[in-house]
């Protein structure tokens, strides 16, 4: 495992730094849109368009990044990420922000395919869960730190643009220190992996990615508005978001280890059931102390942010190794579908009389997955035995 960590240190550190900037920028954008006067549905739409770009980007970039090579593709995509962030201040028109956010999503999709495939191809079968946990720790710790940087001063121009751009530039520079021999480049065409095949051999992995997308996209895009509805300050919202993501990356390693010891499908179902129960106290957010909110959200983060690595691992362990890149792409597409529809559905729950309707959405969303997809998968497994 130490050798694997050394091989992945440069790409994971680069991803960590880039995520600081993107996490900071994404939450700031939601808050700015709210203050300009846009509706929850309009803000949910800009979150959805971002993840629509991510879904399409992963789909169309899959073969290209494998043929060009992971390192070269990654550096090119980070440069595009910096360019699109720099273009944001040119206009405050919602349609313009939708367009730029869509292109940023395409970039994100390519980066996800590269780094996740990199890890799953390098890690031995008995260490894939732990290896993915290190990836998620890098991702979520960067996202958490990005949230902690939110404040009244950093919301102002040019800090709102310079901070994410500088973080991405440093992350790109780190990759040049990577040792030779840890890159990946596809040398021959691999057999096609269809969505129908994935649904047949790994249904829970596919739908688990769907659940993860419909949960995390809503968290990133709309939980800041939940904080606003509770009359929290910008700093308190940043802290609440940061604590939640901190729970996500702290939970990665133990849950990753557990998934290497037990069935990933069963661990995924257990985490989903637990997430439903943790959403219940947040239905009474206006009556709760802020620090108690932070504790509950920390636990929420441990569970919610574990869904994706469990689901992508569940999917990829059931397909041949030479189809890993394609398997990761199918998982990201499922994740992207959830990311697109989640922020469009959740605002209807937020517009209910109940201020905490957002967590009613989380409760219903996770409960539906457990009762329908997980139950169906377990029945299929019992029938085949």
Would the stretch 45-62 turn up any residue that is in a helix (DSSP H, G or I) and modelled with pLDDT under 75?
-> yes
In the stretch 42-62, how many are farther than 26 Å from residue 242 by Cβ and touching a helix residue (DSSP H, G or I) at 6+ places or on another chain (Cβ under 7 Å)?
-> 8
At pLDDT 80 or above and within 17 Å of residue 338 (Cα to Cα): does that describe residue 232?
-> no
So which residues in the stretch 256-268 are crowded, with 21+ Cβ neighbours inside 10 Å and over 11 Å from residue 127 (Cα atoms), if there are any at all?
-> 264, 265, 267, 268
Qualifying helices (runs of 4 or more DSSP H) (wholly inside the stretch 70-168; at least 1 residues being out of contact with any strand residue (DSSP E or B) (no Cβ under 8 Å at 6 or more places or on another chain) and without any contact (Cβ under 8 Å) to a residue 24 or more places away in the chain) = 70-87, 94-122
With respect to residue 225, determine if the residue is touching a helix residue (DSSP H, G or I) at 6+ places or on another chain (Cβ under 8 Å), part of a helix (DSSP H, G or I) and under 25 Å from residue 145 (Cβ atoms).
-> yes
Could you identify the single residue in 279, 314 that is surrounded by 23 or more Cβ atoms within 10 Å (Cβ to Cβ), more than 24 Å from residue 54 (Cβ to Cβ) and modelled with pLDDT of 80 or more?
-> 279
Does residue 302 satisfy being more than 25 Å from residue 38 (Cβ to Cβ), in contact (Cβ under 8 Å) with a residue 40 or more places away in the chain, in contact with a helix residue (DSSP H, G or I) (Cβ under 6 Å, 6 or more places away or on another chain) and assigned to a helix (DSSP H, G or I)?
-> yes
Could you grab me the full set of residues in the stretch 68-87 that are surrounded by fewer than 21 Cβ atoms within 10 Å (Cβ to Cβ), in contact with a helix residue (DSSP H, G or I) (Cβ under 9 Å, 6 or more places away or on another chain) and farther than 17 Å from residue 173 by Cα?
-> 68, 84, 86, 87
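The values are calculated or read from the model by the stated rules, or taken from the named source; none is laboratory data. Nothing here was measured: the structure is a model prediction, and the numbers come from that model. Here the Cβ is made from the backbone with ideal geometry for all residues, glycine too, and neighbour counts use every protein chain on show.
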